[in-house]
1. I need the full set of residues from the range 97-111 which are within 16 Å of residue 75 (Cα to Cα) and open to solvent by less than 30 Å² (accessible area, probe 1.4 Å), in order please.
2. Of the residues 77, 83, only one is of a type in the set (A, V, I, L, M, F, W, C), within 24 Å of residue 176 (Cα to Cα), more than 6 Å from ligand 1 (Cβ to nearest atom) and outside the structural domain of residue 331 (by TED's automatic domain parsing); which?
3. Step by step: first the residues of the range 182-210, then only those that are polar (S, T, N, Q) and within 13 Å of ligand 2 (Cβ to nearest atom), then the one that is surrounded by the most Cβ atoms within 10 Å (Cβ to Cβ). Which residue is that?
4. May I ask you to say which residue of 85, 56 is surrounded by 17 or more Cβ atoms within 10 Å (Cβ to Cβ) and basic (Lys, Arg)?
5. Scan (1) within 20 Å of the chain's Cα centre (by Cα); (2) aliphatic (A, V, I, L, M); (3) more than 22 Å from residue 161 (Cα to Cα) for the single condition residue 50 breaks and write down its number.
6. Of all residues in the range 1-36, which are open to solvent by 20 Å² or more (accessible area, probe 1.4 Å), hydrophobic (A, V, I, L, M, F, W, C) and farther than 19 Å from residue 181 by Cα?
7. Would a scan of the range 141-149 turn up a residue that is in contact with a Ser or Thr (Cβ under 8 Å, 6 or more places away or on another chain) and under 16 Å from residue 122 (Cα atoms)?
8. For the range 112-148, give me the residue count where each residue is in a helix (DSSP H, G or I) and surrounded by fewer than 21 Cβ atoms within 10 Å (Cβ to Cβ).
Amino acid sequence: MKILVTGGTGYIGSHTVVELQQEGYEVIILDNLSNSVIEVTDNIEKISGIKPEFHKIDLCDEAVVNEFFKDRNDITAVIHFAAFKAVGESVNDPLLYYRNNVTGMINLLNALEANAINKFVYSSSCTVYGEADSLPVTENSPVKKAESPYGFTKQIGEQILTDLSKISGMKTIVLRYFNPTGAHDSSLIGELPIGIPNNLVPYITQTAIGQREILTVNGNDYDTPDGTNIRDYIHVVDLAKAHVIALKRMLDGKDENPLEIFNLGTGNGNSVLEVINAFEFVSGMKLNFRIGPRREGDVVSIYSDTKKANEILGWKAERDLNDMMLTSWNWQKRIGKK
Ligand code: NAD
Ligand code: UD1
């Protein structure tokens with residue numbers, strides 16, 4: 001029973017590959033290495049003892065994708081991570097994002113249909129909820145107009161899968177991640193942001209290691225207890241484990257609908273200042289930061305209602321914010337200034 005993981009050398013994908021291997025699944029990674037490096041497969045092997053089968057393939061290349069699936073009858077299910085994810089970049093180059101995230105996914109789905117592979121786990125995001133009317137957000141909270149082309153590609157992906165699930169035998173679990181952070185306990189795999197990070201936690205750790213001079217907190221005049229934005233940070237290993245559980249649910253035929261959606265968060269909202277405090281606590285360092293203006297496009301607060309994932313999926317996040325900060329910091333210290 002082999003599981004195809006697209007984007008499997010990336011941040012969330014690599015952690016998921018390890019969890020899959022540790023649960024006894026044989027994994028095939030398909031990635032074009034546009035935002036990851038081949039050495040990740042060596043580090044996966046160091047953790048699990050198993051080198052995953054790897055194919056450098058761009059999902060946008062339809063002929064190559066079809067060639068890959070031709071004559072293969074050993075793939076049971078697919079976990080689809082491969083996508084671009086930088087919000088700002090998507091605003092500046094929307095076609096790049098529509099092509100990569102939408103065309104790439106259509107090529108993949110076409111090939112799956114042609115080869116009767118009908119179990120699919122999809123990486124979505126809490127970005128689909130936009131500025132929610134009430135908190136915490138449940139899976140039934142309305143999907144809002146996307147703030148960026150990136151966010152829209154996640155919504156389009158969900159819609160394609162919803163449409164497909166009505167007419168084909170494709171079974172899908174959509175996982176809406178809140179804010180993934182942290183790294184594997186081994187510090188052998190973690191997040192490798194290319195260029196200046198947009199996300200808070202890599203910016204914190206790069207500042208602490210001396211790669212960035214100062215962290216700017218994007219506004220402290222929001223209507224929240226300390227004035228900074230609130231998010232639901234989730235440890236990447238918790239997130240990875242949820243993928244294995246979702247996959248198993250489909251393989252065991254326990255899924256109740258052709259398409260199911262689950263929020264993946266801890267259910268706790270933490271402010272930017274609370275994240276900084278947690279980092280300072282676990283690292284024993286003072287972080288160099290200043291308060292700056294608001295960042296365009298930021299929602300004030302968002303955190304998840306985790307009831308559906310807890311009760312129906314049977315998954316619960318186990319690791320707290322300190323743990324996320326500590327593993328992120330250990331990872332940054334291992335890779336140094338990159
Ligand atoms: P990542 O960039 O670390 O991993 C994505 C991987 O996909 C990379 O290894 C990249 O090389 C590969 N890839 C991209 N386009 C490809 C293509 N056309 N063909 C083959 N491979 C391709 O990102 P991540 O943080 O691991 O995110 C994984 C998924 O989760 C993405 O779909 C992302 O949109 C989604 N997601 C991420 C977050 C987050 O904060 N990290 C939040 C919500 C949703
Ligand atoms: C962002 C994306 C979201 C995407 C997610 C995962 C935006 C508007 N949203 O979420 O679509 O799914 O990443 O990739 O970009 N912060 C600072 N200083 C910094 C960096 C961040 O104060 O240098 C603050 C932000 O303003 C925010 C919080 O930290 O309040 C978290 O930011 P970030 O890590 O970028 O995640 P999101 O904005 O929640």
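1. 108, 109, 111
2. The match here is 77.
3. 205
4. So the residue among 85, 56 that is surrounded by 17 or more Cβ atoms within 10 Å (Cβ to Cβ) and basic (Lys, Arg) is 85.
5. All conditions are met except number (1).
6. Of everything in the range 1-36, those that are open to solvent by 20 Å² or more (accessible area, probe 1.4 Å), hydrophobic (A, V, I, L, M, F, W, C) and farther than 19 Å from residue 181 by Cα turn out to be 1, 33.
7. No, the range 141-149 contains no residue that is in contact with a Ser or Thr (Cβ under 8 Å, 6 or more places away or on another chain) and under 16 Å from residue 122 (Cα atoms).
8. 2
The values are calculated or read from the model by the stated rules, or taken from the named source; none is laboratory data. Keep in mind it's a predicted model, so treat the numbers as computed, not measured. Don't worry about glycine lacking a Cβ; one is built from the backbone with ideal geometry, like all the others, and counts go over all protein chains shown. Areas reflect the complete protein model, heavy atoms only, side chains present, ligands, DNA and RNA absent. Shrake-Rupley method; radii C 1.70, N 1.55, O 1.52, S 1.80 Å.
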